[in-house]
Amino acid sequence: MRRVLNFLNGSTALGLALARAGGADVVPGPHGLRLAPGYRAWFPAPRAAAVTVGDVVLLRMTLEQALLRPRLLAHEAGHAAQWATFLGPLGFLPAYGLAAAWSWLRCRDTALANWFEVRAGLADGGYLRTGSPPPGRRSARRRRTRR
């Protein structure tokens, strides 16, 4: 169902166009994703090792490196579902932008308190190291010590 929705809402077509513009070949991957290894971004952001647009994962690594990171690919599959749920580029991009801004205001990081990244799995996406406190814990501790 996710793949059909992302096809219909145009987000996978956008992902394929970005992959082509970034000089990446697209190959089938796990979770019904299409992987675009060796993607070279022609714009400065985002700097992440993997960015999902529709069902296309733009990878700034080789295919072999990506396949050695199954948790990252599972995280990106979560984002593919979000593209489908939020009705493609017209819904997902503004919603993600607002969530990233909220996260930045809350903890000076665009991912740690970002609803989309949290739902896709912060640790799986490489945003948290094993054993790191969840977002907001440090600030709560600081508030308690000020009283």
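The values are calculated or read from the model by the stated rules, or taken from the named source; none is laboratory data. Remember, predicted model here, so these are calculated numbers, not experimental data. Counting neighbours? That spans all protein chains shown, and the Cβs are built from the backbone with ideal geometry, glycine included.
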Tally of residues being crowded, with 16+ Cβ neighbours inside 10 Å and either more than 14 Å from T52 (Cα to Cα) or among the small types (G, A, S) (or both) across the range 96-117: 9
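Consider the range 11-27. How many of its residues are closer than 17 Å to L90 by Cβ and surrounded by 15 or more Cβ atoms within 10 Å (Cβ to Cβ)?
Qualifying residue count for the region: 6.
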Qualifying positions in the range 3-48 - out of contact with any Leu (no Cβ under 7 Å at 6 or more places or on another chain) and of a type in the set (S, T, Y): S11, T12
So which of P133, P30 ends up being at pLDDT 95 or above and over 17 Å from N9 (Cβ atoms)? P30
Exactly one of T62, T52, T12 is out of contact with any strand residue (DSSP E or B) (no Cβ under 9 Å at 6 or more places or on another chain) and either in contact (Cβ under 8 Å) with a residue 12 or more places away in the chain or hydroxyl-bearing (S, T, Y) (or both), and that one is T62
Among what's in the range 76-113 and is within 23 Å of A36 (Cβ to Cβ) and among the polar types (S, T, N, Q), pick the residue that is nearest to the chain's Cα centre (by Cα). Q82
Of (1) under 18 Å from V118 (Cα atoms); (2) touching a residue at least 12 places away in the same chain (Cβ under 8 Å); (3) touching a helix residue (DSSP H, G or I) at 6+ places or on another chain (Cβ under 7 Å), E76 satisfies all except one. Which? (3)
Might you let me know whether the range 9-30 holds any residue that is in contact with a helix residue (DSSP H, G or I) (Cβ under 6 Å, 6 or more places away or on another chain) and closer than 20 Å to G126 by Cβ? yes
Can you name the strands (runs of 3 or more DSSP E) wholly within the range 1-108 that have at least 1 residues being out of contact with any Ser or Thr (no Cβ under 9 Å at 6 or more places or on another chain), of a type in the set (G, A, S) and at negative phi? 34-36, 50-53
